[in-house]
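*Asks:* Sending over a structure as structure tokens; questions will come in a sec.
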Amino acid sequence: MARYLISGVAGFIAARVAEMLLDQGHEVVGLDNLNHAYDVRLKDYRLRCLQDKFGNKKRTSPFTFYAYDISERRVIEELSQTYPQDGYFDAVINLAARAGVRASVEDPWVYVDTNVHGTLNLLEFSRRKAIPKFILASTSSVYGENAPLPTPETYDSSSPLQPYAASKKGAEVLCHAYHYLYKIDVTVFRYFTVYGPAGRPDMSMFRFVQWINEGRKVLVNGDGEQTRGFTYVDDIARGTLQGLMPLGYEIINLGGHETISINQLIQMIEQLLGKKAQLIYGERHPADMLSNWADVSKARRLLGWQPEVSLSEGVARLVAWYCEQQAWVSQVSTT
């Protein structure tokens, strides 16, 4: 049995990573401040699923939850007092983040607080408590504009287009500094577009399913011909866990292996729901990228990672989950 500290544990990807580790018989300590960056009912749902399945009795259940904000420096001391033993955790998996390119333009400060200061606090905790492994969730947004498709990790990431991407780039280089200075083994994952049941309601996949199913207007920024590379959450979670092996310091793309245009995605969801979308096209947001598509050859080479869930199967699972949970997810805010 190993022990893992996971930040952002009520988040979309982190909750699935935690569940996989717990299913394997490991111990997970989860941190999350349950903020209102998006409708908190999704976070409450994911956390409740973990607690119902694995319990939440501190130090006696395999899953323990703390409502900590990693951007606050006191989290270092609080964790150090609760877990004073050096090397108690086998790894820190930092999946907490303020995400979303558009919202970061409106409030860049909170992105720096969580994504930069929060990462620094967890790196410092790792240094003080001799934790050998650190995983960071970064983003494909660091590649900026005009990246080659599919985009390799070697492409320039020094010109981010939004505060969100800039804050994630800052977190990446902090990780490199701690790797260099203190020999912490670090794997940075640049996630591309991830989807699946209980996904983020500010992302297109969740929005389209809700809007079409509930007969609401479907807002599309631009002409709908922009493309995204999508990967199902289970494949992303598996890849993240494969990154727990010793690698030194590596940046690895994960996700975005199967591309589709927004218009084609809407048509797929229409067919699954048996309903027609009420489409409204608007102007493209300047913070949005026209396309993303990951070169995942490095993940295959270093981790042996291979996506298993096709886009058609994954979208069908999302639609089935939505219909099953419709009583409350139909009311989730997507703004």
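The values are calculated or read from the model by the stated rules, or taken from the named source; none is laboratory data. Here the structure is a predicted model, which is why all the values come from computation and not from measurement. Methodologically, a virtual Cβ is constructed for each residue, glycine included, from the backbone with ideal geometry; neighbour enumeration extends over all protein chains shown. Remember, those area values only see protein heavy atoms, side chains included, never the ligands or the DNA or RNA. Shrake-Rupley method; radii C 1.70, N 1.55, O 1.52, S 1.80 Å.
*Asks:* Take segment 177-201 and flag every residue that is part of a strand (DSSP E or B) and open to solvent by 10 Å² or more (accessible area, probe 1.4 Å).
*Replies:* Of all residues in segment 177-201, those part of a strand (DSSP E or B) come to 185-191, 193-195.
Once the filter is applied, which keeps residues that are part of a strand (DSSP E or B) and open to solvent by 10 Å² or more (accessible area, probe 1.4 Å), segment 177-201 yields 185, 191, 193, 194.
*Asks:* Right, something else. I'd like to know if segment 202-225 contains one or more residues that are part of a loop (DSSP other than H, G, I, E, B), touching a Leu at 6+ places or on another chain (Cβ under 6 Å) and open to solvent by 10 Å² or more (accessible area, probe 1.4 Å). Lay out the reasoning, then the answer.
*Replies:* Initially, segment 202-225 is screened for residues part of a loop (DSSP other than H, G, I, E, B), giving 202-203, 214-216, 222-225.
Restricting the remaining residues to those that are touching a Leu at 6+ places or on another chain (Cβ under 6 Å) gives none.
Taking every residue of segment 202-225 in turn, none turns out to be part of a loop (DSSP other than H, G, I, E, B), touching a Leu at 6+ places or on another chain (Cβ under 6 Å) and open to solvent by 10 Å² or more (accessible area, probe 1.4 Å).
*Asks:* Restricting to segment 121-149, count the residues that are closer than 30 Å to residue 286 by Cα, open to solvent by less than 50 Å² (accessible area, probe 1.4 Å) and not polar (S, T, N, Q).
*Replies:* We begin by selecting, within segment 121-149, every residue closer than 30 Å to residue 286 by Cα; these are 136-149.
Narrowing the set further to residues that are open to solvent by less than 50 Å² (accessible area, probe 1.4 Å) leaves 136-144, 147.
Add one more test, that the residue is not polar (S, T, N, Q), and what stays is 136-137, 142-144, 147.
Number of matching residues: 6.
*Asks:* Something else about it: Scan (1) in a strand (DSSP E or B); (2) modelled with pLDDT of 95 or more for the single condition residue 229 breaks and write down its number.
*Replies:* Failed condition: (2).
*Asks:* Moving on to the next point. Only one of 335, 259, 231 is open to solvent by 40 Å² or more (accessible area, probe 1.4 Å), out of contact with any Leu (no Cβ under 7 Å at 6 or more places or on another chain) and under 28 Å from residue 108 (Cβ atoms). Can you tell me which? So that I can check it myself, show each step before the final result.
*Replies:* Numbers: 259 fails: under 28 Å from residue 108 (Cβ atoms); 231 fails: open to solvent by 40 Å² or more (accessible area, probe 1.4 Å).
That would be 335, the only listed residue that is open to solvent by 40 Å² or more (accessible area, probe 1.4 Å), out of contact with any Leu (no Cβ under 7 Å at 6 or more places or on another chain) and under 28 Å from residue 108 (Cβ atoms).
*Asks:* Then there is this: Step by step: first the residues of segment 269-294, then only those that are out of contact with any Leu (no Cβ under 7 Å at 6 or more places or on another chain) and open to solvent by less than 40 Å² (accessible area, probe 1.4 Å), then the one that is modelled with the lowest pLDDT. Which residue is that? Break it down into steps so the answer makes sense when it comes.
*Replies:* Within segment 269-294, the first condition is being out of contact with any Leu (no Cβ under 7 Å at 6 or more places or on another chain), and the residues that meet it are 269-279, 281, 283-286, 288-290, 292, 294.
Retained after the next criterion (residues that are open to solvent by less than 40 Å² (accessible area, probe 1.4 Å)): 269-270, 273, 277, 288-289, 292, 294.
Numbers: 269: 98, 270: 98, 273: 98, 277: 98, 288: 69, 289: 66, 292: 85, 294: 94.
Filtering segment 269-294 for residues that are out of contact with any Leu (no Cβ under 7 Å at 6 or more places or on another chain) and open to solvent by less than 40 Å² (accessible area, probe 1.4 Å), the one modelled with the lowest pLDDT comes out as 289.
*Asks:* Which residue out of 18, 10, 37 is more than 23 Å from residue 89 (Cα to Cα) and of a type in the set (A, V, I, L, M)? Let's see the steps before the verdict.
*Replies:* Numbers: 18 fails: more than 23 Å from residue 89 (Cα to Cα); 10 fails: more than 23 Å from residue 89 (Cα to Cα).
That would be 37, the only listed residue that is more than 23 Å from residue 89 (Cα to Cα) and of a type in the set (A, V, I, L, M).
*Asks:* Please go through segment 59-81 and give me each residue that is open to solvent by 40 Å² or more (accessible area, probe 1.4 Å), more than 20 Å from residue 171 (Cα to Cα) and either more than 20 Å from the chain's Cα centre (by Cα) or among the hydroxyl-bearing types (Ser, Thr, Tyr) (or both), ordered by number.
*Replies:* Answer for segment 59-81, where residues must be open to solvent by 40 Å² or more (accessible area, probe 1.4 Å), more than 20 Å from residue 171 (Cα to Cα) and either more than 20 Å from the chain's Cα centre (by Cα) or among the hydroxyl-bearing types (Ser, Thr, Tyr) (or both): 59, 60, 62, 77, 78, 81.
*Asks:* Out of the residues in segment 234-243 that are under 20 Å from residue 10 (Cα atoms) and not polar (S, T, N, Q), which is surrounded by the most Cβ atoms within 10 Å (Cβ to Cβ)?
*Replies:* Narrowing segment 234-243 to residues under 20 Å from residue 10 (Cα atoms): 234-241.
Then keep just the ones that are not polar (S, T, N, Q); that gives 234-239, 241.
On the way: 234: 18, 235: 20, 236: 28, 237: 24, 238: 20, 239: 25, 241: 21.
The extreme case among them is 236.
*Asks:* Could you please tell me which pairs satisfy a Cβ distance under 7 Å, a separation of 6+ or placement on different chains, a first residue in segment 1-20 that is on the phi > 0 side of the Ramachandran plot, and a second residue that is open to solvent by less than 10 Å² (accessible area, probe 1.4 Å) and at pLDDT 95 or above?
*Replies:* 8/14
*Asks:* Continuing with this model, one more query. Working only within segment 93-119, note down all residues that are surrounded by fewer than 19 Cβ atoms within 10 Å (Cβ to Cβ), of a type outside the set (A, V, I, L, M, F, W, C) and under 20 Å from residue 286 (Cα atoms).
*Replies:* 102, 106, 107, 108, listed by residue number.
*Asks:* Under 6 Å between Cβ atoms, which residue pairs at least 6 apart in sequence (or on different chains) link something in segment 215-230 that is on the phi > 0 side of the Ramachandran plot with a partner that is hydrophobic (A, V, I, L, M, F, W, C) and open to solvent by less than 40 Å² (accessible area, probe 1.4 Å)?
*Replies:* These pairs meet every condition: 224/262.
*Asks:* Continuing with the same structure: Just to be sure I understand the filter: pairs with C-beta atoms under 7 Å, separated by 6 or more residues or on different chains, first member in segment 176-201 and modelled with pLDDT under 95, second member open to solvent by 40 Å² or more (accessible area, probe 1.4 Å) and of a type outside the set (Ser, Thr, Tyr). Which pairs pass?
*Replies:* Pairs that qualify, where the first residue is modelled with pLDDT under 95 and the partner is open to solvent by 40 Å² or more (accessible area, probe 1.4 Å) and of a type outside the set (Ser, Thr, Tyr), are 193/228.
*Asks:* Report, by residue number, each residue of segment 8-29 that is open to solvent by less than 40 Å² (accessible area, probe 1.4 Å), more than 18 Å from residue 232 (Cα to Cα), over 15 Å from the mean Cα position of the chain (by Cα) and not β-branched (Val, Ile, Thr).
*Replies:* Selection gives 22, 26, 27.
*Asks:* If only one of 194, 186 is among the β-branched types (Val, Ile, Thr), under 27 Å from residue 307 (Cβ atoms) and touching a His at 6+ places or on another chain (Cβ under 7 Å), which one is it? Spell out the reasoning first.
*Replies:* Working: 194 fails: touching a His at 6+ places or on another chain (Cβ under 7 Å).
Being among the β-branched types (Val, Ile, Thr), under 27 Å from residue 307 (Cβ atoms) and touching a His at 6+ places or on another chain (Cβ under 7 Å) holds for just one of 194, 186, which is 186.
*Asks:* Another question, then. Keeping to segment 82-92, report how many residues are β-branched (Val, Ile, Thr) and open to solvent by 30 Å² or more (accessible area, probe 1.4 Å).
*Replies:* First, pick out the residues of segment 82-92 that are β-branched (Val, Ile, Thr): 82, 92.
Now narrow it down to the ones that are open to solvent by 30 Å² or more (accessible area, probe 1.4 Å): 82.
Selection size over segment 82-92: 1.
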